[in-house]
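**Q** Let me begin by handing over the structure; questions about it come next.
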Amino acid sequence: ISPAMLALAQVEARDRKVAIRTQSAGLLSFAYRPESYDLIVSEFTLHHLPDFWKAVAISRIFTALKPGANFYLRDIVFVRTPDGSERDVDEWAEFSISNHDFDRDSIVTHMRDEHSTFGWVMERLLTDVGFTLVSADYHAPLHGTYLSRKPDPADARIQ
């Protein structure tokens with residue numbers, strides 16, 4: 001839904017001489033024909049939805065992709081489960097404050113009011129709708145990057 005992100009995608013595609021089609025819409029409202037997209041990219045959007053609606057959005061993305069197409073997801077996820085102490089919560093907050101110049105109040109508000117989830121939950125959301133998880137990279141205490149592929153039944157017949 002971000003005009004700046006859509007404009008950047010157009011610039012990147014033009015620079016790489018790749019034809020793309022973008023659509024300004026939310027994860028739950030974008031219009032699509034089933035099996036019509038070669039690639040869908042989502043960066044730092046799903047954490048705005050509770051897990052129920054994340055599952056609905058991921059299911060819609062799965063339906064919109066062509067067989068064999070990829071879904072690239074990068075979002076805020078908690079890499080590990082808190083161990084009952086304040087250590088992990090403080091570590092997550094400190095990482096965001098020191099690496100992104102966020103103030104402590106913003107981080108505390110985000111952790112209280114946003115819908116970030118755990119990495120293992122995100123993986124399960126992806127695979128439960130039918131995606132094959134190609135890779136999951138937890139490169140920071142609060143970031144997960146996933147490459148998922150919609151299986152292509154034609155690939156199974158070839159084997």
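The values are calculated or read from the model by the stated rules, or taken from the named source; none is laboratory data. Predicted model, so just to flag it, every value in this text is computed and none were measured. FYI the Cβ positions are ideal-geometry reconstructions off the backbone, even for glycines, and counts take in every protein chain you see. Areas reflect the complete protein model, heavy atoms only, side chains present, ligands, DNA and RNA absent. Shrake-Rupley method; radii C 1.70, N 1.55, O 1.52, S 1.80 Å.
**Q** Could you go through segment 108-116 and let me know if any residue there is open to solvent by less than 80 Å² (accessible area, probe 1.4 Å), in a helix (DSSP H, G or I), more than 14 Å from Phe78 (Cβ to Cβ) and among the hydroxyl-bearing types (Ser, Thr, Tyr).
**A** Scanning segment 108-116 turns up at least one residue that is open to solvent by less than 80 Å² (accessible area, probe 1.4 Å), in a helix (DSSP H, G or I), more than 14 Å from Phe78 (Cβ to Cβ) and among the hydroxyl-bearing types (Ser, Thr, Tyr).
**Q** Just one of Glu94, Glu43 is open to solvent by 80 Å² or more (accessible area, probe 1.4 Å) and either modelled with pLDDT under 90 or over 13 Å from the mean Cα position of the chain (by Cα) (or both); which is it?
**A** Of Glu94, Glu43, the one residue that is open to solvent by 80 Å² or more (accessible area, probe 1.4 Å) and either modelled with pLDDT under 90 or over 13 Å from the mean Cα position of the chain (by Cα) (or both) is Glu94.
**Q** Scan segment 1-35 residue by residue and report those that are of a type in the set (Ser, Thr, Tyr), in contact with a Phe, Trp or Tyr (Cβ under 9 Å, 6 or more places away or on another chain) and under 25 Å from Gly68 (Cβ atoms).
**A** Of everything in segment 1-35, nothing turns out to be of a type in the set (Ser, Thr, Tyr), in contact with a Phe, Trp or Tyr (Cβ under 9 Å, 6 or more places away or on another chain) and under 25 Å from Gly68 (Cβ atoms).
**Q** Is one or more of the residues making up segment 74-83 without any contact (Cβ under 8 Å) to a residue 12 or more places away in the chain and either open to solvent by 30 Å² or more (accessible area, probe 1.4 Å) or assigned to a helix (DSSP H, G or I) (or both)?
**A** yes
**Q** Still on this structure: Out of the residues in segment 97-128 that are aliphatic (A, V, I, L, M) and under 14 Å from the mean Cα position of the chain (by Cα), which is nearest to Ala55 (Cα to Cα)?
**A** Leu125
**Q** Same structure, new question: What number of residues within segment 46-60 satisfy the criterion of being free of Cβ contacts under 8 Å to residues at least 40 places away in the same chain and assigned to a loop (DSSP other than H, G, I, E, B)?
**A** Total meeting the criteria: 0.
**Q** Something else now. Among residues belonging to segment 124-142 that are touching a residue at least 24 places away in the same chain (Cβ under 8 Å) and part of a helix (DSSP H, G or I), point out the one that is least open to solvent (accessible area, probe 1.4 Å).
**A** Out of the qualifying residues, it is Leu126.
**Q** Is at least one residue of segment 19-38 touching a residue at least 12 places away in the same chain (Cβ under 8 Å), under 16 Å from Lys150 (Cα atoms), within 17 Å of the chain's Cα centre (by Cα) and open to solvent by 70 Å² or more (accessible area, probe 1.4 Å)?
**A** For segment 19-38, residues touching a residue at least 12 places away in the same chain (Cβ under 8 Å), under 16 Å from Lys150 (Cα atoms), within 17 Å of the chain's Cα centre (by Cα) and open to solvent by 70 Å² or more (accessible area, probe 1.4 Å): present.
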